[in-house]
Each structure stands twice: as C-alpha cells, then as structure tokens.
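These notes concern the structure reproduced below.
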Amino acid sequence: MSLAVALAAALAWAVLLLGRGGFWRCDVTDRDAASLPEPAGRWPAVAVVVPARDEAETIGATVASLLAQDYPGPLRIVVVDDRSRDGTAAAARAAAGGDPRLEVVRGAARPAGWTGKLWALRQGLARLAGAPPADYLLFTDADIRHAPDSLRRLVARAEAGGAVLVSLMARLRCESPAERALIPAFVFFFQMLYPFRWANDPRARTAAAAGGCVLLRRAAFERAGGLEPIRGAIIDDCALARRMKAVGPIWIGLTDRVASLRGYAGVGGIRRMVARTAYAQLGYRPLALAGMLLALALVFLAPPALALSGAGAARTLGAAGWLAMAGAFVPIARFYGLSPAWSLALPGIAAAYMLFTLDSAWQEARGRGGLWKGEPGPRADPSRAADG
C-alpha cells in the first residue's frame, strides 16, 4: 500500500513539474515592462476605481501613489467609501491635498445578490458615467501602493499586446513570522491553480487576475457585460478574467511595481483571508472538498511521511517527492527573500492551508461564508435562492 501511495505521489509531482505550465518557475513577471513600446499617438485616458471600507490606515498611501503616477495621459480617480467608520474618506482627501483628479463618493448599502467589493466598484463606475468615457479602467484595492511607472507600464502592455485585461499579482507583505511562513505559499498555490502561462495563452481555457490591480479595456469590459454577470462572485477577479478572456487576450504576471500594504501580524488574519474564498473555489461542494483534501494529502503530506517512516522503494520515492516539492517552492521563496531551505517546510505549510479550507467550509455552514469587512457574502442573503 505504501509503495502505491509513493508511486501516485511521485507521478503527481512529475505532472505538476512538467505539465502544468511551469507555474512554479515564477518567471512570468513584468520585468520586461521597460522594453515595451509606448502607444502610437496619444496615451489613452484612464479612470481608476478604488473600493474602500475601513481602510484609513492604508488609503492615504494608495491615493498618494496613484496621484504620483508619471502617466502621460488623462487620469481620474474615484474612491468609493463603502460606509466606513474610521475616517477613510477624510484620509483619502487629505492624501490628495486638493488634487482635482480625485473624487471620493459615499457608497450605499449592498443590495441582495452583490458582493460588497463588486457593489462598491459598481458605484464607482456609475459615478464615471456622466464624464467623457475613459479608454481604460483600473480596479485597485485600498491597500495597494503603485510605483510611479505602474500605470504607464500597464497601459503600454495592454496596447502592445492588444490585451483586454492586464493584471499584476501585487507583492504581498512578507515581514512578520506568520507572513514569512504562509504568504509565499499563497502565491505558490494561486499559480498552481491558475498557471500564468495558461492564463496568458489565448488558446487555453484558464483565466486569472489578481484583484488588487486589474486594468481593463473599457469597450471590451462593456462587451463582456460589465460587473452585473459576476455580481455575486466571491472570487471576483478570476470570474472577471473569464468574462474578459471570452472577448480578447488577457495577461497576468508577478511584479515588484505594485505592493500590498496589508499586514498580518498573526496566523488568524491569513486564515481569514484564505477562508473567505477557499470553499467558493470548490463550488461549495462537500465531495469536492473531500477530494481536494485527499489530493493535497497525497501530494504534500504523503512524501515526507514516507521519507521519514517508510521503507525500501516507498521511502526513496517519498524522499524524492519531498525534494521535488521543495525544489518547486524555491523560486517563490527567493522572490520573497526567504532562504531556499525554507522550502522543506512546505508540507507543514500545506497542512495549514488544508485547515484553512476546512474552516472556509465551516464558515459557510454558519452563514458567514465570503465575509468581507464584517459582512457575509451574497449566499447569506434572504433572496439567494431566487437570485440563483
């Protein structure tokens, strides 16, 4: 039995390393951005929408970084203050210092069937409706800091490749012990689910975006139906990417130009971040949850268990599997400034993510699934059965 498990795990790692778009190499980045050609003629107009709820701690840095862009074209920024109670709107205005390019609007209560973030974005788009239409829309979170050339490089990439969506996976903060232990794995698992090469290949079905930084070609966004078709999506960034890929090419990559300011002092905050979407990723299906946990146990837990307690060929294959997963983790560990030796801890990290996923299912059962800023997702709405 142990030999069969070892063989299955070894085969799984062979497939992951050789047949899943090279996700683990972490080499789909925007480091080529400086070599992209500038648009011919004028630079397109861009409108930025920032959903913000109780983000007074970070919104100032976000707004300041957006207003400091070296973008040569017209730029307008709308911050949607989603009923904040901590002075988010005042912090955003203070950071702008009267710059007329910024507008702060007060959001209304979320209607049934919408997630909080998407409803905030929808209100920002409604505010833009009366102005001359922008060529591009940038959705960015209220805890994201952009390098001065971030927007220019995003637009240049979209224009050069004819992309209808360009997204950057923001560099997450990796400073506290909890962050160093768990954050690089979050990006690793995201790329395992959505290999960037596949997402960027127009022939592949995979589509992905990272919600902290998503540039959209406005005309294509409208052809895709806007936000209404995905209004209840918990994993809204990837749902949007699927809609956009149906109307044109998309691109996603890692970056150092866009950084998250969100800090996690302890494991609890990271657990809540993962639990918000993990069960939604499985379609809220108990059998899918069980199958996923068994698959993760085979891929991440069986190899070290066999390497430490197995015998003969099973032990050898277990050790080989453990080394394979550690080697696969080295690129993302280095990207986040960790020692390659940290990769040997991936089985324990994976076990933590399995627990977070179980917690996600538990929160859904309690009616607290998709919790965003203290508000449950639309599946908890009374009208959810009628809304589909």
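In summary, the helical segments of the chain meeting the span-like criteria, namely a full DSSP H run, a Cα extent along the axis of 20 angstrom or more and a mean Kyte-Doolittle hydropathy of at least 1.6, are 2-19.
Among 273, 1, 325, the order by Cβ neighbours within 10 angstrom, fewest to most, reads 1, 273, 325. Expressed in units of 2.2 N^0.38 Å, where N is the residue count, the Cα radius of gyration of the chain is 1.01. Compute the signed sum of charges (Lys and Arg +1, Asp and Glu -1) over the other residues within less than 10 Å, Cβ to Cβ, of residue 205. Summing Lys and Arg as +1 and Asp and Glu as -1 gives +2. Model label points for residue 362 and residue 285, set 7 angstrom from Cα along the Cα-to-Cβ axis, are 2.4 nm apart. Summary value for the chain: 22 percent relative contact order, contacts being C-alpha pairs under 8 angstrom separated by 6+ residues. Electrostatic bookkeeping for residue 154 treats Lys and Arg as +1 and Asp and Glu as -1; over the other residues with beta carbon under 12 Å from its beta carbon, the sum is +2. Ranked by how many other Cβ atoms sit within 10 Å of their own Cβ, fewest first, the residues 214, 78 fall in the order 78, 214.
Taking a point 7 Å from the Cα of residue 3 along the Cα-to-Cβ direction, the residues of the range 315-339 with backbone N closer than 20 Å to it are 315-322.
Residues 143, 82, arranged from fewest to most other Cβ atoms within 10 angstrom of their Cβ, appear as 143, 82. Just checking the listed ones, 95, 341, 278: in the Gaussian network model of the chain with Cα springs under 10 Å, the one fluctuating most is 341.
Each reported figure results from applying straightforward, stated rules to the coordinates on display, with no laboratory input. Fair warning: this is a prediction, and the values are worked out from it, not measured in the lab. All Cβ positions, glycine included, derive from the backbone under ideal geometry; neighbour counts span all protein chains shown.
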